[in-house]
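As C-alpha cells, the structure follows; a few thoughts come after it.
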Amino acid sequence: MSTKLRVILAFSILMSMGSAHGAERLPYYNSEDFAPHWLEPNDQALQAFHTVPAFRFTNQNGKTITDANYKNKIYVASFFFTTCQGICPRLTSKLSLVQKAFNGDGQIRILSHSVMPEVDTVNALKQYAKTHKINSDAWDLVTGSKTAIYAIAKSAYFASEDMGQVEATGDFLHTEKLLLIDQNKRIRGVYNGMAESAITDLIADIKTLKAR
C-alpha cells in the first residue's frame with residue numbers, strides 16, 4: 001500500500017470516528033427557548049440543571065402513576081386530549097412508531113398528559129388506548145388535576161403559548177412537540193411530532209441514551 005493511500009485511509013477513519021462521536025452526544029435543555037446546552041455527563045453544571053419534578057396522575061387503567069414509575073427510565077412526554085380531531089390522532093399515530101420500535105423494552109416509556117382532564121376520565125382514556133392500540137405496559141395516558149397538569153406542562157416541559165395552541169383564556173391547550181427525557185429526568189430532545197423524519201431522529205436519540 002502506498003504512503004499516499006495510507007494517509008487517505010487514516011484520514012477517512014478519523015473522520016468516521018469524529019462523526020460517530022458527534023452523533024452519540026445529545027444536548028440538554030432547561031428553558032422555554034430550548035437553547036441547547038452541550039455538556040459532558042460529569043459536568044458540574046448538571047448538578048443544578050433543570051429536571052422534571054415529582055408528579056402524580058392516574059392512567060388509563062385507573063392506576064396511580066408517579067415519577068417513581070419513571071425512575072431510571074427514558075421516556076417521551078406529550079400532551080393531547082381524547083376528543084381532539086386535529087393534531088392528536090396524528091401525534092398518537094407517530095408515537096405508535098416509537099412504541100413499536102421499543103416493544104418489550106422496559107427501559108423505554110411514553111407519558112401522554114391529557115390537557116382536558118375534566119373530559120378525559122379513566123374510561124375515556126381506556127377507550128382511546130384501545131382504539132389506538134396503546135400498550136399500557138409501556139405507554140401511560142394520564143389524567144388528573146388540571147392545575148397540576150398545566151403546571152408541569154409549563155414549568156417542567158416548557159409548554160407555552162409559543163409552543164402550542166391556546167384557548168381564548170390564554171391557557172396552554174395542546175402541542176405537536178414531543179420531549180425526550182433521560183434516565184436522570186432531564187430534557188434531552190425536542191421534536192415535531194407531526195414529522196416522520198423527527199420521529200426517526202427521536203428513535204435514534206433514544207437508542208443513543210440507552211447506549212450510554
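Laboratory data are not the source of any read-out in this text; all were calculated from the coordinates shown. Predicted model, so just to flag it, every value in this text is computed and none were measured. Heads up, the Cβs are rebuilt from the backbone with ideal geometry, glycines too, and the neighbour counts pull from every protein chain shown.
Condition (residue is assigned to a helix (DSSP H, G or I) and of a type in the set (S, T, N, Q)) applied to segment 110-117: is it met by at least one residue?
No: segment 110-117 contains no residue that is assigned to a helix (DSSP H, G or I) and of a type in the set (S, T, N, Q).
Would you check if Ser78 is touching a Ser or Thr at 6+ places or on another chain (Cβ under 6 Å), in contact (Cβ under 8 Å) with a residue 60 or more places away in the chain, not charged (D, E, K, R) and not in a loop (DSSP other than H, G, I, E, B)?
The answer is yes for Ser78.
Can you tell me how many residues in segment 99-124 are farther than 17 Å from Thr66 by Cβ and either in contact (Cβ under 8 Å) with a residue 60 or more places away in the chain or among the acidic types (Asp, Glu) (or both)?
7
So which residues in segment 37-80 are surrounded by 20 or more Cβ atoms within 10 Å (Cβ to Cβ) and within 26 Å of Asp201 (Cα to Cα)?
Matches in segment 37-80: Val52, Ile74, Tyr75, Val76, Ala77, Ser78, Phe79, Phe80.
Is it the case that some residue within segment 84-100 is of a type in the set (Val, Ile, Thr), surrounded by 22 or more Cβ atoms within 10 Å (Cβ to Cβ) and more than 20 Å from Ala195 (Cβ to Cβ)?
The answer is no, given that none of the residues of segment 84-100 is of a type in the set (Val, Ile, Thr), surrounded by 22 or more Cβ atoms within 10 Å (Cβ to Cβ) and more than 20 Å from Ala195 (Cβ to Cβ).
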